[in-house]
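One structure below.
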Amino acid sequence: MISGKAKIAGVIGWPVAHSLSPKMHQFWLNYYGVDGAYIPLPVKPEDLAHVIKALPMMGFRGANVTVPHKETVVPLLDIVDAEATKVGAVNTIIVTPDGKLKGTNTDTYGFTKNVRPHLKAKNKAVILGAGGAARAVCQALLKEGFARIVIVNRTPERAAALLKQFGEKVSAEPWETRARALEATDLLVNATSIGLVGNQAFDLDLSALPTQAVVNDIVYAASFTSLLEKARARGNTIVSGMGMLQHQAVPGFEAWYGIKPQVTDELTRHMLSD
Ligand code: NDP
């Protein structure tokens with residue numbers, strides 16, 4: 001039940017029907033007994049500017065932003081914090097008490113919270129992919145103190161853009177030689193969208209990857225993607241992307257509804273249920 005004073009937020013995307021964020025936030029709203037709502041907001045790219053401007057006018061506390069708006073939303077905001085500026089993308093908007101739109105990026109926080117407890121060494125990380133999510137992962141790993149980060153992406157120009165942005169600790173290897181790039185790796189992260197639809201098989205030979213390496217797939221469509229299954233079978237520690245999704249939601253929920261929510265097994269079971 002919500003009242004006329006309910007605190008409102010939502011997720012802006014196109015399409016947005018696939019998003020697990022409403023299910024997650026609604027779980028927390030119920031769990032903590034908050035007078036609030038979190039709704040899916042399907043917004044076409046050509047309508048984004050109107051919708052963003054209208055958020056404070058309609059009394060929204062803020063919103064999450066997902067594909068394909070994370071980058072195009074940046075110039076529409078009044079304030080963009082340092083983390084979002086570095087990543088070049090906003091996934092969380094907070095409406096300030098004076099009605100300003102403040103953008104931040106909590107994907108880096110979510111990634112780190114999810115992976116940090118499993119890390120054993122921080123010498124070399126390999127990131128597969130060079131899109132928006134890979135940029136957030138790269139920023140998070142630099143902050144986490146990794147000595148060396150190797151980007152492996154199908155389109156070399158996109159990998160080159162990351163190198164330029166993040167500096168000398170970051171290098172690139174061609175997609176064609178991705179199996180070899182796994183030598184002496186402490187952490188392997190899949191930040192491509194392979195596995196997103198129908199958990200398609202990942203064409204990646206893991207034989208050069210040390211068995212002590214941690215393997216994280218940020219794709220959360222399946223609880224264990226084919227890459228994670230393959231890594232687990234050879235003894236690697238595996239970390240699914242569900243935790244990143246859950247942890248990245250914490251700062252937004254706290255800002256909008258005034259309670260810092262906990263990421264629990266009960267939440268995970270709820271999100272994986274039909
Ligand atoms: P982008 O569209 O920006 O990037 C997609 C990346 O995947 C590119 O590097 C692209 O390579 C690569 N790619 C796609 N298909 C293939 C393929 N068949 N073979 C090789 N490479 C491929 O997406 P995002 O960076 O925003 O998101 C990537 C994934 O991360 C998504 O699945 C998303 O759901 C997930 N994600 C998970 C989060 C979480 O909380 N767990 C948070 C954010 C994202 P190329 O450059 O060559 O096209």
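The values are calculated or read from the model by the stated rules, or taken from the named source; none is laboratory data. On a predicted model such as this, the values are computed, not experimentally measured, just so you know. We place every Cβ from the backbone using ideal geometry, glycine too, and count neighbours over all the protein chains shown.
Looking at the stretch 203-230, which of its residues are within 11 Å of the ligand (Cβ to nearest atom) and either exposed (fewer than 15 other Cβ atoms within 10 Å of the Cβ) or at pLDDT 90 or above (or both)?
D203, L204, N216, D217, I218, V219, T225
Can you tell me how many residues in the stretch 177-226 are within 15 Å of the chain's Cα centre (by Cα), of a type in the set (A, V, I, L, M) and over 17 Å from H18 (Cα atoms)?
2
Given the criteria within 14 Å of the ligand (Cβ to nearest atom) and not charged (D, E, K, R), does A134 qualify?
In short, yes.
Show the residue pairs that are 6+ apart or on different chains and have beta-carbon atoms under 8 Å apart, the first residue being within the stretch 145-174 and over 16 Å from V189 (Cβ atoms), the second being of a type in the set (K, R).
Partner pairs satisfying both residue conditions: Q165/R135.
Sort out which residues of the stretch 100-116 are within 16 Å of the ligand (Cβ to nearest atom) and either farther than 18 Å from T192 by Cα or without any contact (Cβ under 8 Å) to a residue 12 or more places away in the chain (or both), and write them in order of number.
Hits for the stretch 100-116 are G103, T104, N105, T106, Y109, K113, R116.
Here are some conditions: (1) at pLDDT below 95; (2) in contact with an Asp or Glu (Cβ under 7 Å, 6 or more places away or on another chain). L101 meets all but one. Which one does it not meet?
Every condition holds for L101 apart from (1).
Name the residues in the stretch 175-192 that are polar (S, T, N, Q) and touching a residue at least 12 places away in the same chain (Cβ under 8 Å), would you?
Within the stretch 175-192, T185, N190, T192 qualify.
Quick one: is V126 without any contact (Cβ under 8 Å) to a residue 40 or more places away in the chain, farther than 25 Å from V250 by Cβ, within 15 Å of the ligand (Cβ to nearest atom) and not charged (D, E, K, R)?
So V126 does not fit the description; no.
Identify all residues within the stretch 180-200 that are within 11 Å of the ligand (Cβ to nearest atom) and either touching a Cys at 6+ places or on another chain (Cβ under 6 Å) or farther than 20 Å from E144 by Cβ (or both); write none if there are none.
Here is the first cut: in the stretch 180-200, the residues within 11 Å of the ligand (Cβ to nearest atom) are 189-197, 200.
Listed by number, the residues that qualify are T192, S193, I194, G195, L196, V197, Q200.
Going by what's in this entry, would V73 be described as within 16 Å of the ligand (Cβ to nearest atom), at pLDDT 95 or above, under 22 Å from A222 (Cα atoms) and of a type outside the set (S, T, N, Q)?
no
Looking at the structure I just gave you, is V250 farther than 16 Å from A133 by Cβ, among the aliphatic types (A, V, I, L, M), within 16 Å of the ligand (Cβ to nearest atom) and touching a His at 6+ places or on another chain (Cβ under 9 Å)? Explain how you work it out, then say what you get.
Numbers: farther than 16 Å from A133 by Cβ: yes; among the aliphatic types (A, V, I, L, M): yes; within 16 Å of the ligand (Cβ to nearest atom): yes; touching a His at 6+ places or on another chain (Cβ under 9 Å): no.
Judged against the criteria, V250 is not a match.
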